[in-house]
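What follows is one structure encoded as structure tokens, with my remarks underneath.
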Amino acid sequence: MGKTISAGTVIVGSGACGATIARELAKKGESVVVLEKGRDHTWPIGTPMAYATMYDIMKSREGIIVRRGVTTGGSTMVYSGNAYDPPGFINHELGIDLSQEVAETKGELNIRPVPEAFMENYTGTQRLVNAAGELGYAMKPQERFVDYEKCVPGCDSCLFGCRRGAKWTARNYLDDAVALGARLVTRCNVRKVLVSGNRAVGVMADTPSGTLRVGCNRVILSAGGIGSPEILRRSGIHEAGRRFFTDPMSVLVGVMKEGKGTFREMTFTVADASNGGEFVFGNTGAVNGFVAQIAALNLSFLRQGIHMKRLAGMFVKLCDDPVGSIDENGVFHKTFTRRDERTMAKGIKIATDVMTRAGVDASTISVAKGIGGHPGGTCAMGTVVDNTLRTSAGNLYVCDNSVMPKSGGIPPVLTLIALGKKFARTLDNKRGLNGKGL
Ligand SMILES: Cc1cc2nc3c(=O)[nH]c(=O)nc-3n(C[C@H](O)[C@H](O)[C@H](O)COP(=O)(O)OP(=O)(O)OC[C@H]3O[C@@H](n4cnc5c(N)ncnc54)[C@H](O)[C@@H]3O)c2cc1C
């Protein structure tokens, strides 16, 4: 049995961009419905069970793993919580100045580096920082979306979700939107946008109680780098789904010859991002390093026994070439180009050198290679959407990581919140996000 409802604006997806846009439009008093494929999970938050519930772990036809969050709040429920300013190309090449929205967000969410008092507890991480310094690299404290008053230094569960509410997630903005009158429908898998002429008139979705049709004046897809192109392609916009990038991350762990590793030390508290935009490397907590090896099926690693307290971890995150593709059924192709392979090998070599200098036994180092976590590029500005983020159907927009024409190689959430705010505030302005007109 089908059900029909109506709304002014339908937003598909409640992640970094969807929740931000919903909150902005609800603040203006607009009628908004947010349709979210995932559940509003509560119990697995903060436990490794999050991998079996809130995570969606996918594999490309060529075997490359990509992770995303499918739950209210989207991938921010399972993100690390690191905040990076927008990559330079957004202003210099796309002409979109997000500086005002970034400054506003940093102030509003009190984004700041990991405090000295936390860093003092992280002796394993300090060994890595010192070793990196001796080799001529600078792993510096990172800015994070974390309220350190609520955070416990020895927790390191950000990637499983934060049960203390210390890590900002898009659920915070979603809650604001709902309090301001937005409606939220969870377990609602949007199949396609209903288009009549060149206008979107609604969406059709699968729910546990049958098909849901939502009639509306405007559709905004914020279903992420995988979800948005699937929906567009099912809706007849076949240019979507190309230029797929993922910012693959390689995670290394090994056993310290003596003393403690990075057990109970927060992941991604220090990093060096100065490698010409090619890659970022930093520290990984022992448990996250261990879980990454399991996810990558590096089971030989277990043969040496589990020395959790002596494990030390690092990661290398790559800015990959946008050469993958995804179809309407979520089948995707993604390989690493020769340049990607070369750059990743360079980063892994540096991380290995840092770890061994810090006291890790080189023969114990295991590498989970190239796990993607920032899917994007698939509804790129300039090809699938214009500079107002509009598709070929006049009132159908996309705003999420899929509109980025290339990877910035750095964690994108701060950029996406700023983009979502700017987009929502300039939505009816024909001059578009860069103010230069169409
Ligand atoms: C393990 C991990 C760690 C990360 N760490 C960081 C970090 O430290 N800092 C950082 O900046 N970034 C980080 N990221 C990346 C970041 O979380 C994402 O890039 C960002 O959340 C993308 O925002 P989005 O709005 O494009 O999509 P998402 O936040 O993924 O939201 C998309 C939403 O759409 C929903 N959806 C999908 N398809 C449909 C459909 N058909 N119908 C209805 N709803 C649908 C999804 O369930 C999801 O809720 C990390 C990601 C991962 C996986």
**Report entry** Candidates Met249, Met139, Met308, ranked by Gaussian network fluctuation over the chain, Cα under 10 Å, top entry
**Finding:** Met308
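Which of rounded, prolate, oblate describes the stretch 49-192, given a ≥ b ≥ c as roots of the alpha-carbon gyration tensor eigenvalues and a/c under 1.5 marking rounded, otherwise prolate only if a/b is larger than b/c?
On the way: a/c = 1.44, a/b = 1.37, b/c = 1.06.
In terms of gyration-tensor shape, rounded.
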Query raised in the report: Which residues' amide hydrogens lie under 5 Å from the amide hydrogen of Gly202, considering only partners 5 or more residues apart or on another chain, with H built in the peptide plane?
Result: Leu194, Cys216
Report summary line: Between the alpha carbon centres of the stretch 25-104 and the stretch 396-436 the gap in Å comes to 14
Report task. Write out the GluC sites (Glu not before Pro) in the stretch 174-271 meeting two conditions: DSSP loop, and at most 14 other Cβ atoms within 10 Å of their Cβ. Result -> Glu258
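How big is the equivalent ellipsoid of the stretch 286-368 along its three axes, where each semi-axis is √(5λ) from the Cα gyration tensor, reported in whole Å from largest to smallest?
Ellipsoid semi-axes (Å, largest first): 28, 17, 9.
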**Report entry** Relative contact order (percent, whole number), the chain, Cα cutoff 8 Å, 6+ residue spacing
**Finding:** 23
Report summary line: Going residue by residue through the stretch 262-277, the Karplus relation 6.51 cos²θ - 1.76 cosθ + 1.60 with θ = phi - 60° gives ³J(HN,Hα) values, rounded to whole Hz and with x marking Gly or Pro, of 9, 5, 6, 10, 4, 5, 6, 8, 10, 7, 10, 10, 9, 8, x, x
Query raised in the report: Pick from Gly347, Gly165, Gly136: which residue has the top mean-square fluctuation in a GNM of the chain where Cα pairs under 10 Å get a spring?
Result: Gly136
Requested in this report: Would you kindly compute the Cα radius of gyration of the chain and its largest Cα-Cα separation (Dmax), both in Å?
Outcome: 21.3, 69
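Counting trypsin sites (Lys or Arg not before Pro) as exposed when in a DSSP loop with at most 16 other beta carbons within 10 Å, what is the longest stretch of the chain free of them?
Details: sites that count: Lys28, Arg61, Lys150, Arg163, Arg164, Arg187, Lys257, Lys430, Arg431, Lys436.
Here the longest segment lacking exposed loop sites spans 258-429.
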Report summary line: Helix 224-234 sits off the longest principal axis of the Cα atoms of the chain, rounded to the nearest 10 on a 0 to 90 degree scale, by 40
Query raised in the report: If you count the DSSP beta bridges with both ends in the chain, what percent of them are antiparallel, to the nearest 5?
Result: 70
Query raised in the report: Near the amide H of Phe244, under 5 Å away, which other amide H atoms are found, from residues 5 or more places off or on another chain, if H is placed in the peptide plane?
Result: Val323, Gly324, Ser325
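Just in the stretch 1-73: which GluC sites (Glu not before Pro) are loop by DSSP and have at most 15 other Cβ atoms within 10 Å? The partial results should precede the final answer.
Details: sites: Glu24, Glu30, Glu36, Glu62; in loops: Glu30, Glu36, Glu62.
Passing both the DSSP loop test and the Cβ count: Glu62.
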**Report entry** Alpha-carbon centroid distance for the pair the stretch 328-362 / the stretch 124-138, whole angstrom
**Finding:** 19
Query raised in the report: What do the square roots of 5 times the Cα gyration tensor eigenvalues come to for the stretch 229-359, in whole Å, largest first, as semi-axes of the equivalent ellipsoid?
Result: 34, 17, 12
Requested in this report: Return a whole-number percent for the relative contact order of the stretch 1-156, with Cα pairs under 8 Å and 6 or more residues apart as the contact set.
Outcome: 17
Report task. Would you please classify the overall shape of the stretch 1-113 from the alpha carbon gyration tensor, given that a ≥ b ≥ c denote the square roots of the eigenvalues, rounded means a/c under 1.5, and beyond that prolate means a/b larger than b/c while oblate covers the rest? Result -> oblate
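How far, in nm, would the chain grow between Glu62 and Asn110 when pulled straight, counting 0.36 nm per residue and subtracting the alpha carbon separation?
Details: separation 48, 0.36 × 48 = 17.28 nm, distance 4.10 nm.
Working it through step by step, the gained length comes to 13.2 nm.
Cα convex hull of the stretch 94-156: how many Å³ per residue?
On the way: hull volume 7.8 nm³, N = 63.
Hull volume over Cα atoms, normalised by residue count, gives 123 Å³.
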Requested in this report: Using a/c under 1.5 as the rounded threshold, could you call the stretch 189-228 rounded, prolate or oblate? The axes a ≥ b ≥ c are square roots of the C-alpha gyration tensor eigenvalues, and prolate needs a/b larger than b/c, oblate otherwise.
Outcome: oblate
**Report entry** Set of aspartates and glutamates near Lys436 by C-alpha distance (under 15 Å), chain-local residues within fewer than 8 positions excluded
**Finding:** Glu93, Asp97, Asp386, Asp428
Report summary line: The farthest towards the positive end of the charge dipole of the chain, of the residues Thr356, Val193, Asn298, given +1 on Cβ of Lys and Arg and -1 on Cβ of Asp and Glu, is Val193
Query raised in the report: Taking the Cα atoms of the stretch 139-255 alone, what are Rg (to one decimal) and Dmax (as a whole number) in Å?
Result: 19.4, 62
Requested in this report: Convert each backbone phi in the stretch 56-73 into a coupling constant with the Karplus relation 6.51 cos²θ - 1.76 cosθ + 1.60 (shift: θ = phi - 60°), then list the ³J(HN,Hα) values in order as whole Hz, x for Gly and Pro.
Outcome: 10, 10, 10, 10, 6, 3, 8, x, 8, 8, 10, 10, 8, x, 10, 5, 4, x
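Just to be sure I understand: if I project the alpha-carbon convex hull of the stretch 293-334 onto a plane and average over all orientations, what area do I get in nm²? Spell out each step's value before the answer.
On the way: hull surface 19.6 nm².
Convex hull of Cα atoms, orientation-averaged projection: 4.9 nm².
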Report summary line: For Val287, the accessible surface traced by a 1.4 Å probe with all protein chains present amounts, in square angstrom to the nearest 10, to 40
Report summary line: Sequence order, the stretch 397-412: Karplus ³J(HN,Hα) from phi using 6.51 cos²θ - 1.76 cosθ + 1.60, θ = phi - 60°, Hz rounded, Gly and Pro as x, gives 10, 10, 9, 5, 5, 5, 7, 6, x, 8, 7, x, x, 10, x, x
Requested in this report: Stick to the Cα atoms of the stretch 264-329, pair each with every other, and give me the Kirkwood hydrodynamic radius in Å at one decimal.
Outcome: 14.0
Query - Cβ-placed point charges (K, R +1; D, E -1), dipole of the chain about Cα centre in debye, nearest 20 - result: 800
Report task. Using only Cα atoms, tell me the angle between helix 286-295 and the longest principal axis of the chain; keep it within 0 to 90° and round to the nearest 10. Result -> 60
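The values are calculated or read from the model by the stated rules, or taken from the named source; none is laboratory data. Quantities reported herein were computed from a predicted structural model and do not represent experimental measurements. Cβ coordinates were reconstructed from backbone atoms using ideal geometry, including for glycine residues, and neighbour counts include every protein chain displayed. Protein only, heavy atoms only, side chains kept; ligands, DNA and RNA dropped before computing areas. Shrake-Rupley method; radii C 1.70, N 1.55, O 1.52, S 1.80 Å.
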